[in-house]
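Undergrad: Below: one structure in structure tokens.
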Amino acid sequence: MSKRRVGRAVAAAIAVVAAVTTLVAAHAAHAAPAAPSVAKKLRDDFNGDGYQDLAVAAPHGKVDGQPQAGYVAVVYGSAKGIDLTHKQVISQNTPGIPGAAETNDDYGDGLAAGDLDGDGYADLVVGAPGEGVGEVTYAGTLAVLWGGKQGLSGGTAVATGTEEDRVDAETPSLGDFNGDGHLDLATGNRLLYGPFDRTTGAARSRTLAIEPAYFTDDVAAGDIDHDGITDLVALIHDRNEDDMHDPDYRHRRAVFLKGTRDGLSAPAPVNNPDGTRMRGGESLGVGDVDKDGYADLVIGRPNDGFGEVDLDDPLLKGGQIGVVHGSAEGPDASRTTIITQETPYVPGSSEWADGFGGSISVGDVNADGYADVATGSSSEDLGDVYAAGQVTVLRGGRQGLTGNGAYSMNQNTKNVPGTAEQNDFFGSDTQLLDVNGDGRAELFTGATGENRDGGVWAFPNPVNTPTATGSVGFGAGTLGTVRSGSGLGAGFAR
């Protein structure tokens, strides 16, 4: 299962992107540019206390009797890790939040964090792909919830879909795409330039037409060419409905949009050295896994065809991760690495429909300067337990991403709360985030099928040896929400 599995099927079916780029008049005057390092430092710290905070979605949660309205849970960081006594549950019925909780809104099925208004507190972008606008069903909306000393409060709608231009609300990604010191917001079909104002939203926005007609699997931002301006990478696929058992039946591919002083450039396909189309994927992360200064693409390909067809790439069986290294010219497909569960030192083995490569997250778990990668294999069977799921962490190093030092955890691992059960889908999403301020990212994972409602697990990360000792899990009981098949753990803020 990919990172974007909850709520995507319905929304994607109508998310055809307009091919014409439209400029919208500026809404707010530009403030003095904020230092890029400030925006990076404050990512996910919603209350400005120096600790990153965990935001997680429950897009199918029932809110005030409205099924699948959706909500977002925020658990704040501290010197001891996440503090389950310091939390928020936010829905569209929360005072000050734009909109109203309605059936099938899927609020939270798309999250991104960063300081959008330059006030020193991280803000949270929340997508609602199922939101209807007037007579337009599944128009989609994006809103920014504002950070402050007391945490998140209030919000501003920054994008609202129309019949001709629906919002791709499941794929928000933040970066400074024009190098002016302000964070910008990109999705698979639109671009909103900062600074953001709490009243009027983005300074300006435009349609982002990657191709005339496509669906978005994922987008991610990072400085691929090391020029100091954030670039954008998108994984997309066609609308072709032929042979749905083929893992590439929709011609999944990757495109690169270079950040420049004038904003994002025209999309360029990421091709193999021989000029053929490089396979895309369903989940995407960006980080420097070999510490050469260039951010690398980490492409998750969990879709393996489920044993129904002969694979053109046998390494797809069970899913795979493809790393495309960055360079001064952008993604360099001549320098690629493939990781599967058959790669030396990677736990497990490749079996049909494991979903390895789903829900990619990138961070540094041991403060060695090399980006590491977490991935879920949420459909992994554990013995006779179907789709119990597990999560794997892969280490970056001088040679890039390898199996050296890799480890996996599931609900049968010692000290992990709970028990592996059928259709838990442990590893539905992953997050590497430093919530205790020690410079090393902790591991978080969701299990959308846990108790048929979903749950989240947090794993502390000691200096030398990752361990499940001290790990905690939480769900509706901790949050005080209704068990309603909420899909808690479906997605974390990016």
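The values are calculated or read from the model by the stated rules, or taken from the named source; none is laboratory data. Everything quoted here is computed from the prediction, not taken from an experiment. Virtual Cβ from ideal backbone geometry, glycine too; neighbours counted across all protein chains shown. Side chains included, ligands, DNA and RNA excluded: accessible areas come from the protein's heavy atoms. Shrake-Rupley method; radii C 1.70, N 1.55, O 1.52, S 1.80 Å.
Undergrad: Can you pull out the residues in segment 266-294 that are open to solvent by less than 40 Å² (accessible area, probe 1.4 Å), part of a loop (DSSP other than H, G, I, E, B) and within 20 Å of residue 217 (Cα to Cα)?
TA: 270, 278, 280, 281, 282
Undergrad: Check residue 314 against each of (1) under 30 Å from residue 204 (Cα atoms); (2) without any contact (Cβ under 8 Å) to a residue 12 or more places away in the chain; (3) not acidic (Asp, Glu) and name the one condition it does not meet.
TA: All conditions pass for residue 314, except number (1).
Undergrad: Scan segment 59-90 for residues that are under 28 Å from residue 168 (Cβ atoms) and open to solvent by 10 Å² or more (accessible area, probe 1.4 Å) and report the count.
TA: Looking only at that region, the number is 9.
Undergrad: Give segment 40-63 a look and list any residue that's over 13 Å from residue 481 (Cβ atoms), touching a residue at least 40 places away in the same chain (Cβ under 8 Å) and not in a loop (DSSP other than H, G, I, E, B), or say none.
TA: Answer for segment 40-63, where residues must be over 13 Å from residue 481 (Cβ atoms), touching a residue at least 40 places away in the same chain (Cβ under 8 Å) and not in a loop (DSSP other than H, G, I, E, B): 54, 55.
Undergrad: What are the residues in segment 64-111 that are among the acidic types (Asp, Glu) and part of a loop (DSSP other than H, G, I, E, B), if any?
TA: Scanning segment 64-111 gives 64, 102, 105, 106, 109.
Undergrad: Scan (1) open to solvent by 30 Å² or more (accessible area, probe 1.4 Å); (2) touching a residue at least 60 places away in the same chain (Cβ under 8 Å); (3) under 30 Å from residue 269 (Cβ atoms); (4) outside any strand (DSSP E or B) for the single condition residue 204 breaks and write down its number.
TA: Every condition holds for residue 204 apart from (4).
Undergrad: Quick one: would you say residue 114 is buried (at least 18 other Cβ atoms within 10 Å of the Cβ) and either under 20 Å from residue 68 (Cα atoms) or in contact with a Phe, Trp or Tyr (Cβ under 7 Å, 6 or more places away or on another chain) (or both)?
TA: So residue 114 does not fit the description; no.
Undergrad: Got at least one residue in segment 323-331 being more than 19 Å from residue 221 (Cβ to Cβ) and in a loop (DSSP other than H, G, I, E, B)?
TA: no
Results for (1) touching a Cys at 6+ places or on another chain (Cβ under 7 Å); (2) modelled with pLDDT of 95 or more; (3) under 30 Å from residue 327 (Cβ atoms), shown as yes or no for each residue.
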| residue | (1), (2), (3) |
| --- | --- |
| 196 | no, yes, no |
| 203 | no, yes, no |
| 206 | no, no, yes |
| 212 | no, no, yes |
| 217 | no, yes, yes |
| 231 | no, yes, yes |
| 235 | no, yes, yes |
| 242 | no, no, no |
| 245 | no, no, no |
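Undergrad: Look through 367, 388, 353, 374 and report the one residue that is of a type outside the set (S, T, N, Q) and out of contact with any Asp or Glu (no Cβ under 9 Å at 6 or more places or on another chain). If you could, list the steps in order and put the result at the bottom.
TA: On the way: 367 fails: out of contact with any Asp or Glu (no Cβ under 9 Å at 6 or more places or on another chain); 388 fails: out of contact with any Asp or Glu (no Cβ under 9 Å at 6 or more places or on another chain); 353 fails: out of contact with any Asp or Glu (no Cβ under 9 Å at 6 or more places or on another chain).
Being of a type outside the set (S, T, N, Q) and out of contact with any Asp or Glu (no Cβ under 9 Å at 6 or more places or on another chain) holds for just one of 367, 388, 353, 374, which is 374.
Okay, residues lined up against (1) among the aliphatic types (A, V, I, L, M); (2) under 20 Å from residue 108 (Cβ atoms):
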| position | (1), (2) |
| --- | --- |
| 145 | yes, yes |
| 150 | no, no |
| 161 | no, yes |
| 177 | no, no |
| 217 | no, yes |
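Results for (1) assigned to a loop (DSSP other than H, G, I, E, B); (2) not acidic (Asp, Glu), shown as yes or no for each residue.
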{"position": "131", "(1), (2)": "yes, no"}
{"position": "159", "(1), (2)": "no, yes"}
{"position": "188", "(1), (2)": "yes, yes"}
{"position": "212", "(1), (2)": "yes, yes"}
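Undergrad: Is it the case that some residue within segment 119-133 is under 15 Å from residue 484 (Cβ atoms), at pLDDT 95 or above and open to solvent by 40 Å² or more (accessible area, probe 1.4 Å)? Before the answer, list the steps.
TA: Within segment 119-133, the first condition is being under 15 Å from residue 484 (Cβ atoms), and the residues that meet it are none.
No, the conditions are met nowhere in segment 119-133.
Undergrad: For segment 342-358, give me the residue count where each residue is crowded, with 24+ Cβ neighbours inside 10 Å and at negative phi.
TA: The total comes to 3.
Undergrad: Name the single residue, out of those in segment 379-433 being assigned to a loop (DSSP other than H, G, I, E, B) and β-branched (Val, Ile, Thr), that is least open to solvent (accessible area, probe 1.4 Å).
TA: Of the residues in segment 379-433, the ones assigned to a loop (DSSP other than H, G, I, E, B) are 379-381, 383-384, 386-389, 396-401, 410-425.
After this cut, where a residue has to be β-branched (Val, Ile, Thr) as well, the list is 413, 416, 419.
Numbers: 413: 41, 416: 12, 419: 84 Å².
That would be 416.
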